[in-house]
1. Would you check which residues across the stretch 171-193 are aliphatic (A, V, I, L, M) and not in a helix (DSSP H, G or I) and list them?
2. Which residue pairs have Cβ atoms closer than 8 Å, lie 6 or more positions apart in sequence or on different chains, and pair a first residue in the stretch 30-52 that is closer than 22 Å to LEU17 by Cα with a second residue that is among the β-branched types (Val, Ile, Thr) and open to solvent by less than 40 Å² (accessible area, probe 1.4 Å)?
3. If a residue must be farther than 26 Å from LEU157 by Cα, free of Cβ contacts under 8 Å to residues at least 12 places away in the same chain and part of a loop (DSSP other than H, G, I, E, B), how many such residues does the stretch 85-129 contain?
4. Given the condition closer than 27 Å to THR197 by Cβ and open to solvent by 40 Å² or more (accessible area, probe 1.4 Å), answer yes or no: does some residue in the stretch 94-106 qualify?
5. If the Cβ limit is 7 Å and pairs must be 6+ apart or interchain, which residue in the stretch 130-153 that is under 26 Å from GLY165 (Cβ atoms) pairs with which residue that is among the hydroxyl-bearing types (Ser, Thr, Tyr) and open to solvent by 30 Å² or more (accessible area, probe 1.4 Å)?
6. From the list SER169, SER120, SER187, which residue is of a type in the set (Ser, Thr, Tyr), more than 21 Å from LEU82 (Cα to Cα) and open to solvent by 30 Å² or more (accessible area, probe 1.4 Å)?
7. Condition check: over 30 Å from ALA23 (Cβ atoms), modelled with pLDDT under 95 and open to solvent by less than 10 Å² (accessible area, probe 1.4 Å). Does PHE196 satisfy that?
Amino acid sequence: LLNLLYFLSTRMDLLLLGLFANAVLVGHYNVALKFADISSYPVAIINLSLPTMLSAVKHEKGLAAAPLLLYRVSRNSFFQCLLLSLLFLITGKWILQWYGKGFGDAFPILVAFLLSNLISAFIGLIDAFFILEREEKKPIYSRVGSLFLTGILAFFLIPKWQLMGAAVSMVLGNLAYCIVMECLFFSRYGFFIHPFTAAAKVNIPGKSND
C-alpha cells in the first residue's frame, strides 16, 4: 500500500499534467524526471540495506541506539545525492538538448526534481525506519496527506504554470511529507534527523555518551 501511495504522490503531477498540457510538454517533463531519478539511486540502495544495518545496530549497541542509525543513513544518502545533483546541474541542460529542440527548456524542471530528491535524502529514510519498527501507519497516513496536497496544488498550478506548476506541486507535496515525518520522529524519539550532526552528539536514552 505504501509503495502505491508513494508512486501516486510522486507521479500525481505527471498524471494531471497529461490533462492540462500537450503531449510534447509531457515528453519534456518525463525526460527531466527520468534523469532526476538517477540522483535518488543512493537512497534506494541504502533503503535495501537498512533492515540489515538496523539489526546489526540493535545487536551491537542495543535497541535505544537504533534511531541514531538514521544520522548515518541521512549523511550518506544526502551527500551522495548532492554529488549527483551537482553533476546534473553542470551538465543537465547540455544532456537534455541531446533529445531535440525544446528539451533544454525542461532544465528548471530537472532542478526542481533534484531538489525534491535532496529533501527526501535529508530525512534519512525515517519512513522506512517506522515501517521496520512496526509503525507503518505513520508514513501511510502522511503519504495520503501529501498525495492530496500534491493533487490540489497540481490542479491549480498546472493550468497557470504548465511544467513548472507540476514540478512545484510535486516538490511542495514531498516537502510537506518529509516535514511531517521529521515531526513524528521527533515526537517519538526527541530529536530531528539531518545529515549535519554526528550521532555521537545526541544522547541515547539510558546510555551515556562519555
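1. Residues of the stretch 171-193 that are aliphatic (A, V, I, L, M), as a first pass: 171-172, 175-176, 179-181, 184, 193.
Across the stretch 171-193, the qualifying residue is only ILE193.
2. Close Cβ pairs satisfying both conditions: ALA32/ILE109; LEU33/ILE109; PHE35/ILE95.
3. Of the residues in the stretch 85-129, 1 are farther than 26 Å from LEU157 by Cα, free of Cβ contacts under 8 Å to residues at least 12 places away in the same chain and part of a loop (DSSP other than H, G, I, E, B).
4. no
5. These pairs meet every condition: ARG143/TYR6.
6. SER187
7. Values: over 30 Å from ALA23 (Cβ atoms): yes; modelled with pLDDT under 95: yes; open to solvent by less than 10 Å² (accessible area, probe 1.4 Å): no.
Spelling it out, it is not the case that PHE196 is over 30 Å from ALA23 (Cβ atoms), modelled with pLDDT under 95 and open to solvent by less than 10 Å² (accessible area, probe 1.4 Å).
The values are calculated or read from the model by the stated rules, or taken from the named source; none is laboratory data. As the structure is a prediction and not an experimental result, all values here were calculated from the model. Cβ coordinates were reconstructed from backbone atoms using ideal geometry, including for glycine residues, and neighbour counts include every protein chain displayed. Calculation scope for accessible area: heavy atoms of the full protein, side chains included, ligands and nucleic acids excluded. Shrake-Rupley method; radii C 1.70, N 1.55, O 1.52, S 1.80 Å.
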